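Note sheet for the following structure.
Just so it is clear, none of the values below were taken in a lab; they were calculated from the coordinates. Everything numeric in this text was worked out from a predicted model, so none of it was measured. Every residue, glycine among them, receives a Cβ derived from its backbone with ideal geometry; neighbour counts consider all protein chains shown.
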Amino acid sequence: SIEIYSYGIMMSPYVYVGLTDTLLHTIDEGVIYSHIARTFSAAMGFSYRSILSKNRRQPLTFCRQMIVSVLRDYHKFTYTSIGSHMRRDHSTILNRYAKHALDYETNGVYRRQYDNILKQIL
């Protein structure tokens, strides 16, 4: 798919389109994490810093697990990657992800709150 001409290298349009799509649509994970975490924390009345804290109050843990779910389901972050952004171990993130699924299924208030905030992001 690469042809050499006397004036340089010419790439096939198909190869070129593939390269530009990849380059133009690459967004840093940190930017995505920051946007999601700031949106959820603000909507739930927490500071962005509190997301990274060791506080285990239930509303804050709900906020964290919602963030984990969005990053995992919509942005395909790995558990390890989410953990590094949230300053948690990957097993903690895995636990939060499983807890989100359970709370979403069984807790109507949690589900409505998650769905409303998710609408702001998507």
Under the classification rounded if a/c is under 1.5, otherwise prolate if a/b is larger than b/c and oblate if not, where does segment 67-122 fall, given a ≥ b ≥ c as square roots of the Cα gyration tensor eigenvalues? oblate
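Take peptides 60-71, 108-119 and line them up by average Cβ neighbours within 10 Å, highest first, as a rough protection proxy.
On the way: 60-71: 23.0, 108-119: 13.6.
Peptide ranking by packing, descending: 60-71, 108-119.
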Per its Cα gyration tensor (rounded if a/c is under 1.5, else prolate when a/b beats b/c, else oblate), segment 20-114 is best filed as prolate
Mind listing the phi-derived Karplus ³J(HN,Hα) values for segment 84-94, rounded to whole Hz, using 6.51, -1.76 and 1.60 with θ = phi - 60°, and x for any glycine or proline? 5, 6, 9, 6, 9, 6, 4, 5, 5, 5, 4
